[in-house]
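Structure first, then comments.
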Amino acid sequence: KAGVTQTPRYLIKTRGQQVTLSCSPISGHRSVSWYQQTPGQGLQFLFEYFSETQRNKGNFPGRFSGRQFSNSRSEMNVSTLELGDSALYLCASSPELVNTEAFFGQGTRLTVV
Amino acid sequence: QQQVKQSPQSLIVQKGGISIINCAYENTAFDYFPWYQQFPGKGPALLIAIRPDVSEKKEGRFTISFNKSAKQFSLHIMDSQPGDSATYFCAASLSGGYQKVTFGTGTKLQVIP
């Protein structure tokens, strides 16, 4: 079974630009969560999608948004990039919405210059 | 009330020794406590998890001890090996339909030969 796939692996963007990151969950998994990982803040929850609906959202500004498609693939978008958005963005998939093991992808390393 | 406090931030252990990482939580509604292991360049991977109806869970060299009254739980790595060198995250979440997981800040473990 293929794992969680995140694309691209690395990205360099300029302040003010926008970026879209993609996550393909494990086949059959319907829940997709996004996390931001930085050395100073650790792993912070961005949002979670289940059956194309956002079920939970972390404390991030509205510049961070996401969506989930009918095949469970998910995208997150960050608009008007700031230097502080530089981070590793991780996607995790789970079979269901209730607490089960979350499988993480390798992440997308975003650098904002 | 959603915080999970993790200590120490870094840990150096001799090969064969015991590594101990501690976490404390505030929200008594948390009912799922996973530990994740992350190697450089990889996403976190579930190591072991516990629910509050048990006080200890052991899987191989890894043991979670859970103290519900103190709202604390810890990871013990017995016979630590250089291959265990990684960053470890404790986490806590609520059941009831939402996968949102609150992570500790991480402990960087180095096992020296």
Some residue of the range A:59-79 being under 27 Å from residue B:9 (Cα atoms) and either without any contact (Cβ under 8 Å) to a residue 24 or more places away in the chain or polar (S, T, N, Q) (or both): yes
Selected residue (criterion: farthest from the other protein chains (Cβ to nearest Cβ)) from residues of the range B:8-38 that are under 11 Å from residue B:109 (Cα atoms) and among the polar types (S, T, N, Q): B:14
Per-region count, the range A:69-110, residues within 14 Å of chain B (Cβ to nearest Cβ), surrounded by fewer than 18 Cβ atoms within 10 Å (Cβ to Cβ) and not aliphatic (A, V, I, L, M): 6
Per-region count, the range A:4-34, residues within 11 Å of another protein chain (Cβ to nearest Cβ), of a type in the set (A, V, I, L, M) and under 14 Å from residue A:67 (Cβ atoms): 1
Unmet requirement for residue A:38, which otherwise passes all of (1) touching a helix residue (DSSP H, G or I) at 6+ places or on another chain (Cβ under 9 Å); (2) away from every other protein chain (no Cβ under 14 Å): (2)
Qualifying residue in the range A:29-38 (condition: loosely packed, with under 15 Cβ neighbours inside 10 Å, modelled with pLDDT under 95 and not in a loop (DSSP other than H, G, I, E, B)): yes
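Is it true that residue B:101 is of a type outside the set (S, T, N, Q) and either on the phi > 0 side of the Ramachandran plot or within 8 Å of chain A (Cβ to nearest Cβ) (or both)?
Answer is yes for this residue.
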Residue ID - farthest from residue A:5 (Cα to Cα), chosen from residues in the range A:52-68 that are assigned to a loop (DSSP other than H, G, I, E, B) and within 12 Å of another protein chain (Cβ to nearest Cβ): A:59
Residue count for the range B:53-82, restricted to those that are within 14 Å of chain A (Cβ to nearest Cβ) and over 14 Å from the mean Cα position of the chain (by Cα): 1
All positions within the range B:43-61 that are in a strand (DSSP E or B) and without any contact (Cβ under 8 Å) to a residue 24 or more places away in the chain: B:45, B:46, B:49, B:50, B:56, B:57, B:58, B:59
Members of the range B:12-38 that are modelled with pLDDT under 95 and not in a strand (DSSP E or B): B:26, B:27, B:28, B:29, B:30, B:31
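The values are calculated or read from the model by the stated rules, or taken from the named source; none is laboratory data. Just so we're clear, the structure is a prediction, and the values are computed from it rather than from any experiment. Reconstructed Cβ throughout: ideal geometry from the backbone, glycine too, with neighbour counts over all protein chains shown.
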